[in-house]
Structures are given as structure tokens and as C-alpha cells.
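Novice: Sending over a structure as C-alpha cells; questions will come in a sec.
The values are calculated or read from the model by the stated rules, or taken from the named source; none is laboratory data. On a predicted model such as this, the values are computed, not experimentally measured, just so you know. All Cβ positions, glycine included, derive from the backbone under ideal geometry; neighbour counts span all protein chains shown.
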Amino acid sequence: MEVVLAKTSGFCFGVKRAVDTVYEQIDKAGKTGDIYTYGPIIHNEEVVRDLENKGVRVLNSKEELEQLSMGCVIIRSHGVSKDVYELIEKKGLVCIDATCPFVKRIHKIVEKESGNGRQIIIIGNDGHPEVEGIKGWSKTSAIVIESPEQALKFDAKKDEKLCIVSQTTFNYKKFQDLVEIFRKKGYDIIVANTICNATEERQREAVELAARADVMIVIGGTHSSNTRKLYELCQSECENTYYIQTLEDLQLELPNSVELVGITAGASTPNKIIEEVQNYVRINF
């Protein structure tokens, strides 16, 4: 039996940069004081738990941020709205920005184009922290679209000018399909494909591997949007697809007929967890 790990698995550039930033600040804690992250630094419970054990506290709202009088606040990889930066500055706290550069680019586009009078359309999952952060950079109320039904229902004046951006981890094909719906409506549109290249590559590799595999294992946090999308894509190609967070979640029974087990992992999954799963499958089956 062959076990194949997708080439693009585990921490992406933005996530690694954010996690490394927090650990660096832990080493400097004597200089910066108490360390906080605004929201979980990434969507992986194992990583967040390890940071909490090292004294890093998670702030879950602006109300909690308001209560601080000193300390260092690290902006998570998903980014935050403009008013969070303003509040940190107002409180006189140390701010370290670990927002993924690809997300930062979306903030700049949204701020500029909304300032030019364009209605901002965000293709993504409403309520996701990255999307919430993007909304907070629009000078007017942004609209979030995540399904063809929502796109078809969208209605505005024919002379309305739109700017369409995407959550970095959104499914590339779905993004294209939704943009096409808007194009057919005849609006004046600027489209910025802001899906991260690493996301596109990860999804493509996962689909190709799942199409060959008898069993597919997808590893990632339960709240990870990009891992959930990987699971959905793999399941569409391989019926026997498992979604796990750690090795402890894996309840695997493989018949002798299985020739290929594929493994992929979300952008917030540490290499240590991936290696544990990979080694377990190779040794035990």
C-alpha cells in the first residue's frame, strides 16, 4: 500500500509568519509585557492551546480590548477591521501586525475602491474572521456573497459600480462561477481575484490526489475554512475521505484492496501533526 502526502500541505507562508511572530514575542516578553492575540492567531486548536500554555491570551472582542491598559496585541493572520487598529492606538498598546500580506492587499483594494464610490462585493463566508476584517476596510457597507442563489438575487441600479474581491481561501472555481453571474447582470465591475496562490495550488493538488486515492485523509482544525473546503473537494473525488484534527481522531480501517492512501492538510496544520498521521498510516497498515 502506498501513502502519498500532497506536496502543498500544512502551514502556508502567512500562517507560518503569524505563528513565528507570536513565539518571537514570547521570547521578548520581558520587554513587551503581557501578550495578547486579537482572535486566535490561526484556526488550529492545538497551536492556540500551546500558546495559551505559554501565557498568550486571546482577545475575542473589542470590548475585551477596551479593558486593557498595557501589553502587546498581535493581529492574527486573518486580519482585522480598521477600527481595531485605531482602538489599539487609542489605548496606547503595543501593536504587532501579523496579518497575512495577501489579506493586507485586499484591505487596500477595498479601502481604495470603496473610496472611489464602488460597492464592495466580498465573495466568501460571511462571519469568517477574514471576511469580517475585510468588511471593516470598506468606506460603505460591503455585501458578502457565498452562493449562486445570493448572487442571482443581488439587485442594484444598472449604473452601479462594483468591486468584487474574494476571501483568500475561497474555492477558485466557485469564485469564477459567482463572478460570471455578476458579469451577466451588466454592471460596471472591477474584479480582483484575491484568492491566495497557495490556496489554489493546495486545492488543485488535493483534488488530483483524491481522484487517484482509495482513501483520503484531510487534517486541520475544526474551525478552519480552508480545511473544510479541502475536505469537500476531496470527498467529491473520493468517497472514503476522513476529516481529522489530530491523530487521535483517526478511526481508520483499511481493507486489503486499498492501494493508495492520500493525505493533505489545511494551511493552519502544524507539520508535527501531519508527520504523526503519515507515520502512523505507513507503520500500521
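Novice: Can you find a residue in segment 125-134 that is of a type in the set (Gly, Ala, Ser), in contact with a helix residue (DSSP H, G or I) (Cβ under 6 Å, 6 or more places away or on another chain) and under 30 Å from Gly220 (Cβ atoms)?
Specialist: Quick first cut of segment 125-134, residues of a type in the set (Gly, Ala, Ser) only: 127, 133.
Checking which are in contact with a helix residue (DSSP H, G or I) (Cβ under 6 Å, 6 or more places away or on another chain) leaves us with none.
No, segment 125-134 has no match at all.
Novice: How many of the residues making up segment 103-137 are assigned to a loop (DSSP other than H, G, I, E, B), more than 18 Å from Leu178 (Cα to Cα) and among the polar types (S, T, N, Q)?
Specialist: 1
Novice: Sticking with this structure for a sec: Here is a check on your reading of the model: is Tyr23 crowded, with 19+ Cβ neighbours inside 10 Å, aromatic (Phe, Trp, Tyr) and more than 30 Å from Leu178 (Cα to Cα)? If you could, list the steps in order and put the result at the bottom.
Specialist: Values: crowded, with 19+ Cβ neighbours inside 10 Å: no; aromatic (Phe, Trp, Tyr): yes; more than 30 Å from Leu178 (Cα to Cα): yes.
No, not satisfied.
Novice: Look through segment 1-45, keep the residues that are out of contact with any Ser or Thr (no Cβ under 6 Å at 6 or more places or on another chain) and of a type in the set (Ser, Thr, Tyr), and return whichever of them is nearest to Ile283 (Cα to Cα).
Specialist: For segment 1-45, the residue satisfying everything is Thr8.
Novice: Something else now. Given the criteria among the polar types (S, T, N, Q), buried (at least 19 other Cβ atoms within 10 Å of the Cβ) and closer than 29 Å to Tyr85 by Cα, does Ser166 qualify?
Specialist: Details: among the polar types (S, T, N, Q): yes; buried (at least 19 other Cβ atoms within 10 Å of the Cβ): yes; closer than 29 Å to Tyr85 by Cα: yes.
So Ser166 fits the description; yes.
Novice: Taking segment 12-38 as the region of interest, how many residues are at pLDDT 95 or above and not in a helix (DSSP H, G or I)?
Specialist: Matching residues across segment 12-38 total 4.
Novice: Can you pull out every residue in segment 231-245 that is surrounded by 20 or more Cβ atoms within 10 Å (Cβ to Cβ), more than 10 Å from Thr269 (Cβ to Cβ) and either among the polar types (S, T, N, Q) or within 15 Å of the chain's Cα centre (by Cα) (or both)?
Specialist: Tyr231, Thr241 - these are the residues of segment 231-245 that are surrounded by 20 or more Cβ atoms within 10 Å (Cβ to Cβ), more than 10 Å from Thr269 (Cβ to Cβ) and either among the polar types (S, T, N, Q) or within 15 Å of the chain's Cα centre (by Cα) (or both).
Novice: Go over the candidates Glu237, Glu253, Glu232 one by one and state the one that is of a type in the set (Asp, Glu) and in contact with a helix residue (DSSP H, G or I) (Cβ under 6 Å, 6 or more places away or on another chain).
Specialist: Glu237
Novice: Something else: Could you say which residue among Thr241, Thr227, Thr222, Thr168 is closer than 22 Å to Ile274 by Cβ and assigned by TED's automatic domain parsing to the domain that holds Ile109?
Specialist: Values: Thr241 fails: assigned by TED's automatic domain parsing to the domain that holds Ile109; Thr227 fails: assigned by TED's automatic domain parsing to the domain that holds Ile109; Thr222 fails: assigned by TED's automatic domain parsing to the domain that holds Ile109.
Going through Thr241, Thr227, Thr222, Thr168 in turn, just one is closer than 22 Å to Ile274 by Cβ and assigned by TED's automatic domain parsing to the domain that holds Ile109: Thr168.
Novice: Taking segment 270-285, which residues are buried (at least 19 other Cβ atoms within 10 Å of the Cβ), not hydrophobic (A, V, I, L, M, F, W, C) and not in a loop (DSSP other than H, G, I, E, B)?
Specialist: Gln278
Novice: Next up: Looking at Asp177, Asp214, Asp159, which is the one that is at pLDDT 95 or above and out of contact with any helix residue (DSSP H, G or I) (no Cβ under 9 Å at 6 or more places or on another chain)? Break it down into steps so the answer makes sense when it comes.
Specialist: On the way: Asp177 fails: out of contact with any helix residue (DSSP H, G or I) (no Cβ under 9 Å at 6 or more places or on another chain); Asp159 fails: at pLDDT 95 or above.
Being at pLDDT 95 or above and out of contact with any helix residue (DSSP H, G or I) (no Cβ under 9 Å at 6 or more places or on another chain) holds for just one of Asp177, Asp214, Asp159, which is Asp214.
Novice: What number of residues within segment 144-163 are closer than 17 Å to Lys174 by Cβ and either crowded, with 18+ Cβ neighbours inside 10 Å or aromatic (Phe, Trp, Tyr) (or both)? It would help to see each step written out before you state the result.
Specialist: Narrowing segment 144-163 to residues closer than 17 Å to Lys174 by Cβ: 144-154.
Checking which are either crowded, with 18+ Cβ neighbours inside 10 Å or aromatic (Phe, Trp, Tyr) (or both) leaves us with 144-146, 151, 154.
Total satisfying the criteria: 5.
Novice: Report, by residue number, each residue of segment 232-269 that is in a loop (DSSP other than H, G, I, E, B), touching a Gly at 6+ places or on another chain (Cβ under 8 Å) and closer than 21 Å to Met1 by Cβ. Please lay out each step first, then the result.
Specialist: Just the residues of segment 232-269 that are in a loop (DSSP other than H, G, I, E, B), to begin with: 238-240, 245-246, 250-259, 266-269.
Narrowing the set further to residues that are touching a Gly at 6+ places or on another chain (Cβ under 8 Å) leaves 238, 245, 266-269.
Scanning segment 232-269 gives a single hit, Cys238.
Novice: Also: Taking the options Ile195, Ile122, name whichever one is touching a residue at least 40 places away in the same chain (Cβ under 8 Å), surrounded by 17 or more Cβ atoms within 10 Å (Cβ to Cβ) and touching a strand residue (DSSP E or B) at 6+ places or on another chain (Cβ under 6 Å). Spell out how you get there, then give the answer.
Specialist: Working: Ile195 fails: touching a residue at least 40 places away in the same chain (Cβ under 8 Å).
Checking each option against the conditions leaves just Ile122.
Novice: Same structure, new question: Which one of the conditions (1) outside the structural domain of Lys28 (by TED's automatic domain parsing); (2) in a loop (DSSP other than H, G, I, E, B); (3) at pLDDT 95 or above does Thr140 fail to meet, given that it meets all the rest?
Specialist: Answer for Thr140: the failing condition is (3).
Novice: In segment 39-70, which residue that is in a loop (DSSP other than H, G, I, E, B) and under 20 Å from the mean Cα position of the chain (by Cα) is nearest to Ile219 (Cα to Cα)? Lay out the reasoning, then the answer.
Specialist: Taking segment 39-70 as the starting set, the residues that turn out to be in a loop (DSSP other than H, G, I, E, B) are 39-44, 54-56, 60-61, 67-70.
Subsequent filtering for residues that are under 20 Å from the mean Cα position of the chain (by Cα) retains 39-44, 60-61.
On the way: Gly39: 22, Pro40: 18, Ile41: 18, Ile42: 15, His43: 12, Asn44: 10, Asn60: 25, Ser61: 28 Å.
Here the residue is Asn44.
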